[in-house]
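Each remark here refers to the structure printed beneath this line.
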């Protein structure tokens, strides 16, 4: 009997030793790690998890883990446990990676996390789940700083471009003023050119104003079919002069979207204008509209000169243009209107000497409140 008791004691000591080693390993890891059984009870909780959240494993003996640290989505909106992705992964025995979420601390504050969920197996039986999480606060701060630097870089590029674009007409105007002063003569053609230069400056400034933040009242329901037809009517005379035909393929049932109508028309005008300039002589511009799920799909296609892959990459960059006399502001503004003001997407397909296709996808029911926050 003493020998049996000694063997049991030795076995117990070995188990405690292994448990201690396991806990040391868990506590040496910088990421928070915890395990839950099939009933979502916490069965282990490492030191990093305690440091990151302020909770110790004893806090979960009388409280549900979900309600303490993971009861919201990444926007801070409450999520019941049956909708929690960790809960679903636990029930289904699946692995999961979440890149952008929120965990909550004991003091009531939250912090951004990314985490992985992996099933815990014992003799090929699913007995629980292990969650490994990382505090992403510093990464988020770094990303925010980089975004600010990108904005400052963009402002710098725009400032240089604007200075260059406006300086040209100002130089011309200054030259004509000096010419008039030195020759003391007023020719009609001088005033026509000067007026043209003033118009060019006004156009640049007007385009830049398109970047102003939209107001809530600017968004209304509009018939996209009608906006397209209005633009076609406006651009058709320019197309006729170049022997270019504008064809439309519109649905019989109108597609209404929440938008700023004059901005959507500006996008269409920019795309049709670019298509007209891409076609040297004779050709076709096709405008197609259809509905796909909760989005309106608008395509503008031309059979003009096309673009290289390198040129496509640069479309929308400040002051990049495929035209010698272009400012590049048109496509930059088009991008801004579609992506930022209407939460849409713009895709470009093009082939040299065969033409280009611009595909715009716009949500039919736009979350307007989000646009003007």
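The values are calculated or read from the model by the stated rules, or taken from the named source; none is laboratory data. It should be emphasised that the depicted structure is a prediction, and the values quoted were computed from it without experimental measurement. Backbone-built Cβ (ideal geometry, glycine too); neighbour counts: all protein chains shown.
Yes/no matrix, rows are residues, columns are (1) surrounded by 15 or more Cβ atoms within 10 Å (Cβ to Cβ); (2) modelled with pLDDT of 90 or more; (3) assigned by TED's automatic domain parsing to the domain that holds residue 118; (4) in contact with a strand residue (DSSP E or B) (Cβ under 6 Å, 6 or more places away or on another chain):
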position: 24; (1), (2), (3), (4): no, no, no, no
position: 61; (1), (2), (3), (4): no, no, yes, no
position: 65; (1), (2), (3), (4): yes, no, yes, yes
position: 76; (1), (2), (3), (4): no, no, yes, no
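Of all residues in the range 98-130, exactly one satisfies the criterion of being in contact (Cβ under 8 Å) with a residue 40 or more places away in the chain and exposed (fewer than 11 other Cβ atoms within 10 Å of the Cβ), namely 107.
Screening residue 130 with (1) modelled with pLDDT of 90 or more; (2) within 30 Å of residue 144 (Cβ to Cβ) gives one miss only, at (2). With respect to the conditions (1) without any contact (Cβ under 8 Å) to a residue 24 or more places away in the chain; (2) assigned to a strand (DSSP E or B), residue 33 falls short on a single one, namely (1).
Would you confirm whether or not the range 250-264 contains a residue that is part of a helix (DSSP H, G or I) and within 19 Å of residue 348 (Cα to Cα)? Within the range 250-264 (the criterion being part of a helix (DSSP H, G or I) and within 19 Å of residue 348 (Cα to Cα)), the answer is yes, since at least one residue qualifies. Evaluation of residue 289 against the conditions (1) crowded, with 16+ Cβ neighbours inside 10 Å; (2) at pLDDT below 85; (3) under 19 Å from residue 266 (Cα atoms) shows that the sole unmet condition is (2).
Would you confirm whether any residue within the range 46-53 is in a loop (DSSP other than H, G, I, E, B) and either within 33 Å of the chain's Cα centre (by Cα) or surrounded by fewer than 16 Cβ atoms within 10 Å (Cβ to Cβ) (or both)? No: zero hits.
Checked against the criteria, residue 93 counts as more than 29 Å from the chain's Cα centre (by Cα) and surrounded by 14 or more Cβ atoms within 10 Å (Cβ to Cβ). Of everything in the range 292-316 that's part of a strand (DSSP E or B) and touching a strand residue (DSSP E or B) at 6+ places or on another chain (Cβ under 7 Å), which residue is farthest from residue 223 (Cα to Cα)? It comes out as 302.
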